[in-house]
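Written below as structure tokens is the structure these notes are about.
The values are calculated or read from the model by the stated rules, or taken from the named source; none is laboratory data. The structure presented is a predicted model; accordingly, all values stated were derived computationally and were not measured. Here the Cβ is made from the backbone with ideal geometry for all residues, glycine too, and neighbour counts use every protein chain on show. SASA here: full protein model, heavy atoms, side chains in, ligands and nucleic acids out. Shrake-Rupley method; radii C 1.70, N 1.55, O 1.52, S 1.80 Å.
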Amino acid sequence: MRRFLIHIVLLTGGFLSAQPALQHYGNMQLHDGAQMGLYTDLVNQAPFDQNLGLFGFYGTLPLQVSGDFSPRFFDVEIANDAGVDLEIPIDVANNLNFISGDFRTDRALSDIYVSLLQDAFTVGESNLSKVDGHVQAIQQQEVIFPVGDASQLRPLTYQPTSVVPVTKCAYFRDDPTNSPFIAFLDPDLRPRTIEEIGRTEFWRLEGAVSGTVTLTWNAQSNLGAIADDVSQIVIMGWNKSAGRWLPLSNAQASGDLTAGFVISDVFTPDDYVVLTFGSLSEAEEVFKLDNFYISPNGDGINDFLRIDELLNSPNNELRIYDRRGLLVFSQDNYTDQFNGFSNVDGMVINRGAGLPEGVYFYVVRLLDLDTEYQGFLYLQR
């Protein structure tokens, strides 16, 4: 297969470029197996939507996509540290591969976004490559939005109770109570059980189907400013009809104040303006177990996760989550089944290769004793 590298000037078929941009006026289509690499701006002035190949954004200079028509790609990848600025939406029908650099959209313009169509998925998103702005998803059952700001990935996982026709999300490194992107949301309008509203970051999520969301935090989230213990952390949302902050999570947060996640109760995103973190007035009691280490290399040492405390409660539930709060392993009446492989269908890519090395969170519920434990797990390959 050939890779076509388009630079500044291209005069062929339906193309005309007299400036450092590829200007499309029609007659372009990528067939199955075709690959096109773009090293200059794209001005799309005609429908470009019957594609099956790979379209890549490359180079070392910032690129821009503009024009009167939104292009619809099949496979897309970005390997450009300077990033790509979107003046119009782009659609991805299959795979969006993040290598380096961000797709950037204006946060004040929610009608410009990267759109993931019904069967589309993403791979490779990281602090170095993501969407710095708005992401839309169409006809999806579960979405991990690869959003963040210029320096970090801050994903949001949305699990609707049924397929959601359209959903959209953006991340803001800003004070949710007093941001130029939204109206003033008075932090004092909150239940008495809530001690503080976080002032560091927030997400805007649109979706008409009820479901749950998972939010993660890191050291830059500065949750130590609003809580003394991770058990105080809850998801908060500004409810449109009530005109006040309301808590959206009752489940225990997992992790510590520098890294962790919390899963919401079921709610409808369109009922809320923004989502962020808050803290309970009193910490709820959380039991901690030791942190665990497993290295499933077949040497008979630490190949499986063993939790001795489960001997006292064979009627139990074990859930393991990655750093984004994505469930990767679930087992009722757990003994020693986890050896670094996911048993959860859905969002785990290339499940047969095993989970990647790194830190995971686990939550154990001892149903006989009505007790819940949590802790960290380090997986080494």
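Annotations for the structure displayed:
- Between Val135, Val123, Val164, the Gaussian network model of the chain with springs among Cα atoms under 10 angstrom shows the greatest mean-square fluctuation at Val123.
- Measuring nothing but how far apart in sequence close Cα pairs (under 8 Å, 6+ apart) lie, relative to its length, the chain scores a relative contact order of 9 percent.
- Listed residues Asn51, Asn95, Asn291, most fluctuating in the chain (Gaussian network, C-alpha, under 10 Å): Asn291
- Counted over the range 22-169, the DSSP beta bridges are approximately 20% antiparallel.
- Using the Cβ-Cβ distance between Asp119 and Thr193 with R0 set to 56 Å, the FRET efficiency works out to roughly 0.85.
- Placing +1 on the Cβ of every Lys and Arg and -1 on the Cβ of every Asp and Glu, with nothing else charged, gives the range 84-206 a dipole about its Cα centre of roughly 200 debye.
- Arg244 versus Ala353: modelled label distance in nm, points set 7 Å from Cα along the beta carbon direction: 5.0 nm
- One decimal place: the segment Asp332-Asp270 gains 18.9 nm when fully extended, by the rule 0.36 nm per residue minus the C-alpha distance.
- Estimated at 0.36 nm per residue, the fully extended path between Asn291 and Arg381 surpasses their Cα-Cα distance by 30.7 nm.
- Candidates Leu311, Leu326, Leu128: whichever shows maximal mean-square fluctuation once the chain is modelled as a Gaussian network with Cα springs under 10 Å: Leu311
- Surface accessible to a 1.4 Å probe, per residue, for the residues of the range 82-234, Å²: 37 Å²
- Potential lengthening between Gln45 and Thr161 on full extension [0.36 nm per residue; Cα-Cα distance subtracted]: 37.9 nm
- Leading residue at positive end of dipole, the chain (Cβ point charges), from Thr212, Leu30, Gln374: Leu30
- 10 Å Cβ shell holding at most 11 others, DSSP loop, GluC sites (Glu not before Pro): longest site-free stretch of the chain: 1-281
- Karplus-derived 3J(HN,Hα), 6.51/-1.76/1.60, for each residue of the range 99-105, Hz, glycine and proline x: 10, 7, x, 10, 7, 10, 10
- In this Cβ point-charge picture (+1 for Lys and Arg, -1 for Asp and Glu), the range 261-332 has a dipole of about 260 debye about its Cα centre.
- Estimated vicinal HN-Hα couplings, Hz - the range 221-232 in sequence order (Karplus 6.51, -1.76, 1.60; Gly, Pro = x): 5, 6, 6, x, 7, 10, 8, 9, 8, 4, 5, 7
- For P(r) over Cα pairs in 10 Å bins from 0, in percent, the value computed from the atomic coordinates appears in the list (i) 5, 22, 28, 23, 14, 6, 1, 0; (ii) 4, 18, 22, 20, 18, 11, 5, 1, 0, 0; (iii) 4, 20, 25, 23, 18, 8, 1 under label (i).
- Over the range 117-220, Cα pairs under 8 Å with separation of 6+ residues give a relative contact order of 26 percent.
- Counting only Cβ charges, +1 for Lys and Arg and -1 for Asp and Glu, the dipole size of the chain around its Cα centre is about 920 debye.
- Among Gln140, Asn222, Leu63 the positive-end extreme of the charge dipole of the chain (Cβ point charges): Leu63
- Using θ = phi - 60° in the Karplus curve 6.51 cos²θ - 1.76 cosθ + 1.60, the 3J(HN,Hα) couplings for the range 205-211 round to 10, 10, x, 8, 9, 5, x Hz; x is entered for Gly and Pro.
- Entry note, the range 59-192: relative contact order of 16 percent, from Cα contacts under 8 Å with a spacing of 6+ residues.
- Alpha-carbon centroid distance for the pair the range 175-249 / the range 116-158, whole angstrom: 20 Å
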